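Down below is the structure, laid out as structure tokens.
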Amino acid sequence: MLRPGEDLLHVEDRLWVLTAPTGKGIYDFAFDRFFACRRPYQLPGPVEAIARAGAWNDYSERYRELEAEGVRLVHSPEQHLLATELPHWYPKLTDLTPRSVWFDERPDAETVERLLGWPVFVKGERQTSRHQKSLSIIEGPEQFRHAMDVYAKDSILHWQRVVCRELRPLRRVEEGAPDRIPSSFEFRTFWWRGELVGWGPYWWQGSPYTMTAHEQREALGLGREVARRLDVPFLVVDVAQEVSGRWIVIECNDGQESGYAGSSPFALWQNVLDVERERTAPTR
Ligand SMILES: Nc1ncnc2c1ncn2[C@@H]1O[C@H](COP(=O)(O)OP(=O)(O)O)[C@@H](O)[C@H]1O
Ligand SMILES: [Mg+2]
């Protein structure tokens, strides 16, 4: 049932987690070093599990395989798509996120110019190629054509649908490294069953930055509204502040696949366990 490297843990007798190391420090978390974990030889019956095993390129297949063995991942394949792919979450968030269009085939510059005008922000429906600026922040038709040639060959981009978005003026934190998208005042927020379980700066590698109490109310209020609308068990919402002060949604993701960014993984899992304790507490 498990693939090489995978481990099925029962954490604090509350939460099932299917883990596998990815080698990325920002993603991996050694549950058994911080929490009491058991690895039952036999499952007590069908269980519901969070996967923390990296991003699978065959989520729906993996979902069915595990389900047949009595392990139901917290997100159905449909919920996973709703959380991860812009064409799925965008229709529910049109008033909260930059205007976006997407294409089954790589579009030509004239089409993009007609629909959005320049400059545009370009990415795959799931992600950019390692935040490379020259492939995402596109000033005009020349640069766009060049980017599309690269998209056709790039290992991360070539199989994704192309998404073009209105480029919004974000509040800067610092310039990126050469050819890196500059860091903006942006935060990653984690929602477990609609409750906030963690948040931290999105650009965790650069100079540290944080929110005032007022900014927290606005940014986390936005995240909560997104969690309410998408209504999936484990959601990540990245929010950023525009130069005008307005907060917008940059993207959503499946909490099973997301790196922790600047949030504390230990605090996050403790909060998830607390929510579970509340949820499964016997009512008196
Ligand atoms: N529409 C936009 N306007 C301005 N900046 C954007 C826009 N979309 C994304 N960005 C910036 O680019 C960064 C990377 O984009 P993102 O959609 O998060 O790609 P990835 O999925 O690869 O992380 C964001 O963190 C944000 O700073
Ligand atoms: Mg991102």
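The values are calculated or read from the model by the stated rules, or taken from the named source; none is laboratory data. If you're wondering where the values come from, they're calculated on a predicted model, not measured in any experiment. When we count neighbours, we look across all protein chains shown, and the Cβ atoms used for this are built from the backbone with ideal geometry, even at glycine. Side chains are part of the model used for accessible areas, which takes the heavy atoms of the whole protein and leaves out ligands, DNA and RNA. Shrake-Rupley method; radii C 1.70, N 1.55, O 1.52, S 1.80 Å.
Distance between the modelled labels on Glu225 and Val243, one decimal in nanometres: 2.3 nm (7 Å Cα→Cβ projection). Roughly how tilted is helix 213-230, in degrees to the nearest 10 and between 0 and 90, from the longest Cα axis of the chain? The angle comes out near 80 degrees. Angle of helix 141-153 to the longest C-alpha principal axis of the chain, folded into 0 to 90 degrees and rounded to 10: 40°.
Set the Förster radius R0 to 45 Å, insert the Cβ-Cβ distance between Ala55 and Glu110 as r into 1/(1 + (r/R0)^6), and round the FRET efficiency to 0.05. Calculated value: 0.85. In the chain, helices alone account for a calculated mean residue ellipticity at 222 nm of -8500 deg cm²/dmol, with every DSSP H run of four or more residues adding -39,500 (n - 2.57).
The value obtained for the stretch 1-153, namely the Cα convex hull volume divided by the number of residues, is 155 Å³ per residue. Normalised by the residues of the stretch 7-75, what does the relative contact order come to in percent, with Cα pairs under 8 Å and at least six apart? It rounds to 33 percent for the stretch 7-75. List the aspartates and glutamates whose Cα sits under 18 Å from the Cα of Lys24, skipping any in the same chain fewer than 8 residues away. Answer for Lys24, where 18 Å is the Cα cut-off: Glu6, Asp7, Asp32, Asp254, Glu257, listed by chain and number.
Averaged over residues, the count of other Cβ atoms within 10 Å places the peptides 21-32, 196-207 in the sequence 196-207, 21-32, highest first. Reported to the nearest whole Å, the Cα centre-to-centre distance from the stretch 39-67 to the stretch 150-175 is 31. Expressed as a whole percent, the accessible area of the stretch 7-75 that falls on carbon and sulfur atoms is 45 (1.4 Å probe).
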